[in-house]
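The values are calculated or read from the model by the stated rules, or taken from the named source; none is laboratory data. As the structure is a computational prediction, the values presented were derived from the model and not from experiment. When we count neighbours, we look across all protein chains shown, and the Cβ atoms used for this are built from the backbone with ideal geometry, even at glycine. For the accessible areas, the whole protein counts, side chains as well, though only heavy atoms, and no ligand, DNA or RNA atoms are used. Shrake-Rupley method; radii C 1.70, N 1.55, O 1.52, S 1.80 Å.
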Amino acid sequence: MEIKNFKRTTVTAALPYANGGVHIGHLAGVYVPADIYVRYLRLKNQDVKFICGSDEHGVPITIRAKKEGITPQDVVDRYHQMIKESFAQFGISFDIYSRTSSSMHAETAGQFFRKLYDDGKLVEKTTSQYYDEEAKQFLADRYITGECPHCHHEGAYGDQCEHCGRDLAPTELISPKSTISGSSPVLKETKNWYLPLNEYQPWLRQWILEGHQEWRPNVYGQCKSWLDMDLQPRAMTRDLDWGIPVPVEGAQGKVLYVWFDAPIGYISNTKELLPDTWQDWWKSPDTRLIHFIGKDNIVFHCIVFPSMLKAYGDGFILPENVPANEFLNLEDDKISTSRNWAIWLHEYLVDFKDKQDVLRYVLTANAPETKDNNFTWKDFQDRNNNELVAVYGNFVNRALQLTKKYFGGRVPGCGQLTDIDRQALDGLKEARGRIEALLEQFKFRDAQKEAMALARIGNKYITDCEPWKEWKENPKRVETILYVSLQLTANLAIAFEPFLPFSSEKLRKMLNINVFKWEELGTTDLLKEGHQLAEPQLLFEKIEDAEIERQLQRLADIKKSNEAAAAKAEPIKPNIAFEEWEKADIRVGRVIGCERVKKANKLLKFTLDDGSGSPRTIVSGIAKFYAPEELIGKQVLFIANLAPRTLMGIESQGMILSAQDFDGSLSVATLLKEVKPGSQIG
């Protein structure tokens, strides 16, 4: 493929839905890799703009609004602000983070649709869609749930089953229900406008399959899969009351389809940022366009949006690359916003204050670039303690502290180099080429590994040279060792700048240097002899077990809550005659004694006042759920006329009644109001 030279680069990151916060799956899939790339280009002094904003239309927002009893605008105002502030605190360095509810966006998207309509590029079609007769409205995909026809999971949506991951059409659902009223929807005719993707299929095949074979295999493969099928016209309008109104006659009650509306947000946000020069970033052949997205958005960014731009004409550029990532799981389970199974950025920033770079490092190290990957809190702790602290931070701290101790914090001179010095410096000189090549290929995980390899070189170098021992016999040798160590340290501030911007800034302050340039990476005289360093500090700090246990407990609580919400009662047993039930003599007893049965983990021995004047002994298997002292004095229900059984040598004269919860735990049945011991239940 011919390599093009571009004057500027437009980088976009997928617009997050403003119906909740940002979680680690979003960060690993889109925003951290995009930010790494943009920071790298800026370090190279290249002209780049980083564009993003909140996607504030679409059904998820209206669903949340209905659930909370507020307006969609209330929802997007709340979450847009939360997302924007979280990104800023986390160091995602957008040039603009705007929103699709802005007047600029409404004007841009409406004008875009109108031109396609006027140019005859859209097809008007009448189709049958589900309609809620009680709510008196057509139902978008996410307003319909039912049984998945593939895995038979109940609660699948009209566009996807989140249980098995299959894409669906609403009419495929078994026993569909409206999420608005709970009623069964009916099919009703409605008119919408479609983009005939089938007309762009030959062009798409040539542009992608022949022209962009360098795209990631997951992106290229998914595009090929779609293009090997017959593309169908796709509706660009929806029957909804939240969104940008369709700007043509006869379109009352219809809004622009969110996947028509949202990608135009990249353009409208650029217009907002650069009202006079935005066309340079979207229409100049000297501009390169890069979309950072997750794999679930590939079809929209590689097929739908390019077809929209092609249909519009007027010189709009097409993406040069779409480095989409796969999904990140959490503790071996799929991240799910509906189940709250996620690590939310705004919560992380509170729990791990000033540890933005730790999460950035771990998410990049585990980046799901070629396959789904997994985040665990244990791995998070290990990578921080064993890599950031023990390798990178340890080397930096030793180099700076020893320079302070022996030379008052001034960079010493470089004496005669030995083989071990040259070996370390040679590794340094080769680093830039390796890291740069990987970043240019969007291989951020491997690029960060190369940066850490540089820290490993430094750590090994200072350990092998042992300047603390050399000082006694050969202080001139220590000058050279620390000179080389400090050059490595300065280079680390550059190498890690795209990945760990907060740590690099902290390190530059310790080095008493304001800024480095990318082309200086690999230079062996970044810090001149006699340069005064600032006071050393720890670059990273250990994360203790207690902090990780708190996070794991939070996830355990969420999992238990989800299981409780999903739990269903066991099927009712077959009917029995009333006379059969009457045979059971259920009574009330007061617990006057309770103790664990020796050598039996599950058993408690109860002594009950059953109203007969003589105490009754019952052995019950609930020791895992109660301490004996909790039960003394309680009134419990028991079956009095069960034939006695001997358990662990103790005769049990009945059965304590208890309820088994969804998780297998047992809860002893008690009364709301006290009654006399021996009272019958009937």
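Test of understanding: among 282, 259, 344, 278, which residue is without any contact (Cβ under 8 Å) to a residue 24 or more places away in the chain and in contact with a helix residue (DSSP H, G or I) (Cβ under 9 Å, 6 or more places away or on another chain)?
Values: 282 fails: without any contact (Cβ under 8 Å) to a residue 24 or more places away in the chain; 259 fails: without any contact (Cβ under 8 Å) to a residue 24 or more places away in the chain; 344 fails: without any contact (Cβ under 8 Å) to a residue 24 or more places away in the chain.
Answer to the selection: 278.
Inspect region 489-498 for any residue being of a type in the set (Val, Ile, Thr), closer than 20 Å to residue 37 by Cβ and touching a residue at least 60 places away in the same chain (Cβ under 8 Å) and give the result as yes or no.
First, pick out the residues of region 489-498 that are of a type in the set (Val, Ile, Thr): 489, 494.
Now restrict to residues that are closer than 20 Å to residue 37 by Cβ: 494.
Going one step further and asking which of them are touching a residue at least 60 places away in the same chain (Cβ under 8 Å), we end up with 494.
Yes, the conditions are met somewhere in region 489-498.
Between 305, 327, 300, which is open to solvent by less than 10 Å² (accessible area, probe 1.4 Å), touching a residue at least 40 places away in the same chain (Cβ under 8 Å) and among the aromatic types (Phe, Trp, Tyr)?
On the way: 327 fails: open to solvent by less than 10 Å² (accessible area, probe 1.4 Å); 300 fails: open to solvent by less than 10 Å² (accessible area, probe 1.4 Å).
Of the residues listed, the single one that is open to solvent by less than 10 Å² (accessible area, probe 1.4 Å), touching a residue at least 40 places away in the same chain (Cβ under 8 Å) and among the aromatic types (Phe, Trp, Tyr) is 305.
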Do you know which residues across region 558-568 are assigned to a helix (DSSP H, G or I), more than 19 Å from the chain's Cα centre (by Cα) and not small (Gly, Ala, Ser)? 560, 563
Does region 525-548 contain at least one residue that is basic (Lys, Arg), over 26 Å from residue 433 (Cα atoms), in a loop (DSSP other than H, G, I, E, B) and within 33 Å of the chain's Cα centre (by Cα)? yes
Out of the residues in region 499-515 meeting the condition of being touching a residue at least 40 places away in the same chain (Cβ under 8 Å) and either in a loop (DSSP other than H, G, I, E, B) or among the β-branched types (Val, Ile, Thr) (or both), tell me which one is nearest to residue 531 (Cα to Cα). 500
Among the residues of region 227-239, is any touching a Pro at 6+ places or on another chain (Cβ under 8 Å), surrounded by fewer than 20 Cβ atoms within 10 Å (Cβ to Cβ) and either within 17 Å of residue 298 (Cα to Cα) or not small (Gly, Ala, Ser) (or both)? yes
Can you find even one residue in region 628-641 that is of a type in the set (A, V, I, L, M), part of a loop (DSSP other than H, G, I, E, B) and open to solvent by 70 Å² or more (accessible area, probe 1.4 Å)? yes
Which condition from (1) out of contact with any strand residue (DSSP E or B) (no Cβ under 7 Å at 6 or more places or on another chain); (2) part of a helix (DSSP H, G or I); (3) in contact (Cβ under 8 Å) with a residue 40 or more places away in the chain is the one that residue 225 breaks? (3)
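Surrounded by fewer than 20 Cβ atoms within 10 Å (Cβ to Cβ), hydroxyl-bearing (Ser, Thr, Tyr) and under 17 Å from residue 545 (Cα atoms): is that true of residue 370 in this structure?
Numbers: surrounded by fewer than 20 Cβ atoms within 10 Å (Cβ to Cβ): yes; hydroxyl-bearing (Ser, Thr, Tyr): yes; under 17 Å from residue 545 (Cα atoms): no.
No.
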For region 646-666, name all the residues that are surrounded by fewer than 13 Cβ atoms within 10 Å (Cβ to Cβ) and within 20 Å of residue 595 (Cβ to Cβ). 646, 648, 649, 651
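If a residue counts only when it is among the aliphatic types (A, V, I, L, M), which helices (runs of 4 or more DSSP H) contained entirely in region 376-481 have at least 3 such residues?
Answer list for region 376-481: 394-407, 419-440, 444-465.
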So which pairs qualify, if the first residue must be in region 121-143 and part of a loop (DSSP other than H, G, I, E, B), the second must be acidic (Asp, Glu), the Cβ gap must be under 8 Å, and the two must be at least 6 apart or on different chains? 139/132; 140/239
If we keep only residues of region 9-47 that are open to solvent by 10 Å² or more (accessible area, probe 1.4 Å) and of a type in the set (S, T, N, Q), then the residue farthest from residue 101 (Cα to Cα) is 45
Criterion violated by residue 606 - all others in (1) outside any strand (DSSP E or B); (2) touching a residue at least 24 places away in the same chain (Cβ under 8 Å) satisfied: (1)
Of everything in region 262-275, what is open to solvent by less than 20 Å² (accessible area, probe 1.4 Å) and either free of Cβ contacts under 8 Å to residues at least 24 places away in the same chain or closer than 27 Å to residue 328 by Cβ (or both)? Give them in sequence order. 262, 263, 265, 266, 269
Do you know which residues across region 389-415 are in contact with a Gly (Cβ under 7 Å, 6 or more places away or on another chain) and either at pLDDT below 95 or basic (Lys, Arg) (or both)? 410
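On the given criteria, is residue 552 of a type outside the set (S, T, N, Q), under 30 Å from residue 344 (Cα atoms) and surrounded by 11 or more Cβ atoms within 10 Å (Cβ to Cβ)?
On the way: of a type outside the set (S, T, N, Q): yes; under 30 Å from residue 344 (Cα atoms): yes; surrounded by 11 or more Cβ atoms within 10 Å (Cβ to Cβ): yes.
Yes; evaluated as a whole, the condition is true for this residue.
So in region 117-134, with the set limited to residues that are over 34 Å from the mean Cα position of the chain (by Cα) and crowded, with 17+ Cβ neighbours inside 10 Å, which one is nearest to residue 188 (Cα to Cα)? It would help to see each step written out before you state the result.
We begin by selecting, within region 117-134, every residue over 34 Å from the mean Cα position of the chain (by Cα); these are 117-128, 133-134.
This time we only want the ones that are crowded, with 17+ Cβ neighbours inside 10 Å, so: 117, 121-122.
On the way: 117: 25, 121: 26, 122: 22 Å.
This residue is 122.
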Checklist (1) touching an Asp or Glu at 6+ places or on another chain (Cβ under 9 Å); (2) at pLDDT 90 or above; (3) crowded, with 19+ Cβ neighbours inside 10 Å; (4) within 27 Å of residue 245 (Cβ to Cβ) applied to residue 194, failing item: (3)
Of everything in region 667-682 that's more than 18 Å from residue 595 (Cα to Cα) and not in a loop (DSSP other than H, G, I, E, B), which residue is least open to solvent (accessible area, probe 1.4 Å)? 681
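For residues that are touching a strand residue (DSSP E or B) at 6+ places or on another chain (Cβ under 7 Å) and closer than 19 Å to residue 357 by Cα, scanning just region 373-384, find the one that is most open to solvent (accessible area, probe 1.4 Å). Break it down into steps so the answer makes sense when it comes.
Within region 373-384, the first condition is being touching a strand residue (DSSP E or B) at 6+ places or on another chain (Cβ under 7 Å), and the residues that meet it are 373-375.
Okay, now just the ones that are also closer than 19 Å to residue 357 by Cα, so 374-375.
Working: 374: 39, 375: 2 Å².
Among those that are touching a strand residue (DSSP E or B) at 6+ places or on another chain (Cβ under 7 Å) and closer than 19 Å to residue 357 by Cα, it is 374.
Would you point out which residue out of 50, 6 is in contact with a strand residue (DSSP E or B) (Cβ under 9 Å, 6 or more places away or on another chain), over 21 Å from residue 368 (Cα atoms), open to solvent by 40 Å² or more (accessible area, probe 1.4 Å) and not in a helix (DSSP H, G or I)? Spell out the reasoning first.
Working: 50 fails: open to solvent by 40 Å² or more (accessible area, probe 1.4 Å).
So the residue among 50, 6 that is in contact with a strand residue (DSSP E or B) (Cβ under 9 Å, 6 or more places away or on another chain), over 21 Å from residue 368 (Cα atoms), open to solvent by 40 Å² or more (accessible area, probe 1.4 Å) and not in a helix (DSSP H, G or I) is 6.
If I filter region 87-116 down to residues being assigned to a loop (DSSP other than H, G, I, E, B) and either touching a Gly at 6+ places or on another chain (Cβ under 8 Å) or under 15 Å from residue 267 (Cβ atoms) (or both), which single residue comes out as most open to solvent (accessible area, probe 1.4 Å)?
Start the filter on region 87-116 by keeping residues that are assigned to a loop (DSSP other than H, G, I, E, B), which leaves 91-95, 100-102.
Retained after the next criterion (residues that are either touching a Gly at 6+ places or on another chain (Cβ under 8 Å) or under 15 Å from residue 267 (Cβ atoms) (or both)): 95, 100, 102.
On the way: 95: 59, 100: 3, 102: 23 Å².
Of everything passing the filter in region 87-116, 95 is most open to solvent (accessible area, probe 1.4 Å).
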